[in-house]
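The structure appears right after this line, and notes come after that.
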Amino acid sequence: MENSQVAAIFDEIADILEIQGENVFRIRSYRNAARSVGDLPERLEDLAAAGKDLTELPGIGESLAEKIHEIIAGGTCKTLEDLRRQLPPHLTDLLKVKGLGPKRARILYEKLRIKSLADLKKAAAAGKIRDIEGMGEKTEQNILRGLATLESEAGRIGVKQAAEQAESIGRHLRGAKGVRRWEVTGSFRRRRETVGDLDVLVEVTDREAAAQAILAYEPIEETIASGGEKVSVRLASGVQVDFRFIEADAWGAAMMYFTGSKAHNIVLRKRAQKEGLKLNEYGLFRGAKRVAGRSEKEVFKALGLEWIPPELREDRGEVEAAEKGNLPKLIERDDLRGDLHAHTSLTDGAGTLEEMVEAARRRGYEYLAITDHSKAVTVAHGLGDDALRRHADRIREYSAGLKKFWVLAGVEVDILKDGQLDLQEKTLAGLDWVVASVHSAFEQAEAKMTDRLIAAVRSGVVHCLGHPFGRLIGKRDPIRFDADRVFAACREAGVYLEINAYPDRLDLPDVYCKRARELGLTMAIATDSHRTTDLDLMEFGVWVARRGWLEKGDVLNTLSAAALRKRLSRK
DNA sequence: GCCGTTTTCGGCCCGACTGTTTTCAGTCG
């Protein structure tokens, strides 16, 4: 039983309670619990087995702790089963349609017997929804649009696409008439691994001109809303962008409000409330008087807090840390001195050894690890022992001829089903940098997978665990293992954990970075480059590391080449 | 259903926009 499954159960309970019009605070409790559980790096099942008191988790009280135990034991809980019997099984799907909430879902069920997305589509297409009191033709159209969006899965986009989109919008706004400054906020500013939409704050000198300039942005396909405060559009790519007009006096408060996260904002507002203040997107107020708002720093300070980097604003302890002055000094892109995972055209890369190294040097690095695949990855033309030894010799020879640059002769060796490595120990022992990764049998049971990873970690020849969870965001689920046990084994064996910067992977995920740091591990941020341009993906790995509270000292490849050489030779 | 320097009861974050209404409910972030 995964934490995400427990979270899904709590969310489903909340969905049903909402449709039933239950107490909003009870519903909120289930939502909070779902989030709390979903963010947890330790597995609930393990905590329960160890006899830990689950009510110590945020948002979990007696009742929910009991339900967690029930879910772990039986895969479900009575509350959910009872609720499910009271409504058609797929009615909660209706809530996924943008613009459709619990109240209308209930009305649609009661008046039109709509029980599923399919029913909804049929009714909307037949023009039946407009006849319901409180709804009209536009509501019907919105529902049809919402259904189309849902079907096209134009939901969340990856961090790379979001970054490109943000960049393009920035180019458009630069020098636009009526626009003084702008900033992309929302989950993109927090560097979340996927982004639902883009929130752009715009300070204007001329609102009318600014709105006109915005609407002239070429990729806009549809204008969703256009009021005095904001312009909402959908781009041809399916991405929704909200432009919000902000006054200079409220800029900082608006930045905080729209950057979120929602949970983080709630913590701040509660804190303000306790001080007799009110915090909203216009500022921090005592009565009608604005006491702060121009800059984020000013607002945080008025709340008795250090400025909190956006990446940390997830209600994961950052407000408490800011209060005590304990915030981490987060790692930055420029702290990195080299890349520790790259392939060449000898296996499945597109660049030669020389091209990859040259590209790394151009990026100001001091070293690059060449880590081609081992033979088990046949589709990548993985190397056997002899071929790898020859490759390593060639890399070393090439490296020796370079001034002020070190090419580490490495490998990305496969961790086979049973935890054995795909190459001989003596081959691996002779390399500078050994990344061990899982590329097969992703579906293994948790206990087996845990043993498999620990065996690799304890092999004595592995430096780093590559893309530890093996996930492909939106395509392949993470493998299941007991992270705390594997991390403990890594710590014991002096094995590093990779933060794979490839946008589809971003693996280690943020909450596990944070957990690994707490357990005293060191991470290596690496791009898994398959072509020279992939080296630029490093930025995305840094974003994950920052979301995981990592400092410069928590990341191996912030070391200089000389220091890295020394560190690795100590193994 | 959770939670506590207003602590075991009585609170629980805040505002904008849309579409449908003649003053507001529903939804979203």
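The values are calculated or read from the model by the stated rules, or taken from the named source; none is laboratory data. Remember, it's a predicted structure, so these values are computed and weren't measured experimentally. Backbone-built Cβ (ideal geometry, glycine too); neighbour counts: all protein chains shown.
Of the helices (runs of 4 or more DSSP H) lying entirely inside segment A:43-102, those containing at least 3 residues that are under 25 Å from A:PHE25 (Cβ atoms) and at pLDDT 90 or above are A:62-74, A:78-86. Considering the conditions (1) under 19 Å from A:ALA253 (Cα atoms); (2) more than 13 Å from DNA strand B (Cβ to nearest atom), A:GLY186 is excluded by exactly one of them, (2). Scanning segment A:522-553 for residues that are part of a helix (DSSP H, G or I) and over 19 Å from the mean Cα position of the chain (by Cα) gives A:THR532, A:THR533, A:ASP534, A:LEU535, A:LYS552, A:GLY553.
Against the conditions (1) within 11 Å of DNA strand B (Cβ to nearest atom); (2) out of contact with any strand residue (DSSP E or B) (no Cβ under 7 Å at 6 or more places or on another chain), A:ILE224 satisfies every one except (2). Is there a residue in segment A:152-166 that is within 16 Å of DNA strand B (Cβ to nearest atom), of a type in the set (A, V, I, L, M, F, W, C) and over 24 Å from the mean Cα position of the chain (by Cα)? Looking through segment A:152-166, none of the residues is within 16 Å of DNA strand B (Cβ to nearest atom), of a type in the set (A, V, I, L, M, F, W, C) and over 24 Å from the mean Cα position of the chain (by Cα). Test A:VAL461 against the stated conditions and say whether it is part of a loop (DSSP other than H, G, I, E, B) and either at pLDDT 95 or above or under 22 Å from the mean Cα position of the chain (by Cα) (or both). Criteria met by A:VAL461.
Within 12 Å of DNA strand B (Cβ to nearest atom) and either buried (at least 20 other Cβ atoms within 10 Å of the Cβ) or under 29 Å from A:TYR109 (Cα atoms) (or both) - does that describe any residue in segment A:37-50? Yes, that holds for at least one residue. Take the conditions farther than 30 Å from A:ARG471 by Cβ and either of a type outside the set (A, V, I, L, M, F, W, C) or crowded, with 18+ Cβ neighbours inside 10 Å (or both) and apply them to A:GLY158. Does it pass? So A:GLY158 fails the test.
Let's see how each residue does on (1) of a type in the set (Val, Ile, Thr); (2) at pLDDT 90 or above:
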| site | (1), (2) |
| --- | --- |
| A:ALA148 | no, no |
| A:ARG156 | no, no |
| A:ALA163 | no, yes |
| A:ALA176 | no, no |
| A:GLU183 | no, yes |
| A:VAL200 | yes, yes |
| A:GLU203 | no, yes |
| A:ALA213 | no, no |
| A:GLU221 | no, no |
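In segment A:87-106 there is no residue matching the filter, namely being farther than 30 Å from A:GLY136 by Cβ and surrounded by 15 or more Cβ atoms within 10 Å (Cβ to Cβ). Filtered by the rule that a residue be without any contact (Cβ under 8 Å) to a residue 40 or more places away in the chain and more than 6 Å from DNA strand B (Cβ to nearest atom), segment A:95-107 gives a lone residue, A:ILE107. Selection of segment A:379-403 for residues being part of a loop (DSSP other than H, G, I, E, B) and touching an Asp or Glu at 6+ places or on another chain (Cβ under 7 Å) yields only A:HIS381. Every residue in segment A:58-81 that is more than 8 Å from DNA strand B (Cβ to nearest atom) and surrounded by fewer than 12 Cβ atoms within 10 Å (Cβ to Cβ), please. Within segment A:58-81, A:GLY74, A:GLY75, A:LYS78, A:GLU81 meet the criteria.
Filtered by the rule that a residue be closer than 14 Å to A:SER374 by Cβ, part of a loop (DSSP other than H, G, I, E, B) and touching a helix residue (DSSP H, G or I) at 6+ places or on another chain (Cβ under 7 Å), segment A:431-452 gives a lone residue, A:LEU431. If the condition is being more than 24 Å from A:VAL184 (Cβ to Cβ), outside any loop (DSSP other than H, G, I, E, B) and near DNA strand B (Cβ under 9 Å from one of its atoms), then segment A:258-313 contributes A:LYS270, A:ALA272, A:GLN273, A:LYS274, A:LYS278, A:PHE285. Each residue in segment A:107-128 was checked for being small (Gly, Ala, Ser) and surrounded by fewer than 14 Cβ atoms within 10 Å (Cβ to Cβ), and 4 pass.
Count of segment A:472-484 residues, restricted to those that are assigned to a helix (DSSP H, G or I) and surrounded by fewer than 16 Cβ atoms within 10 Å (Cβ to Cβ), is 0.
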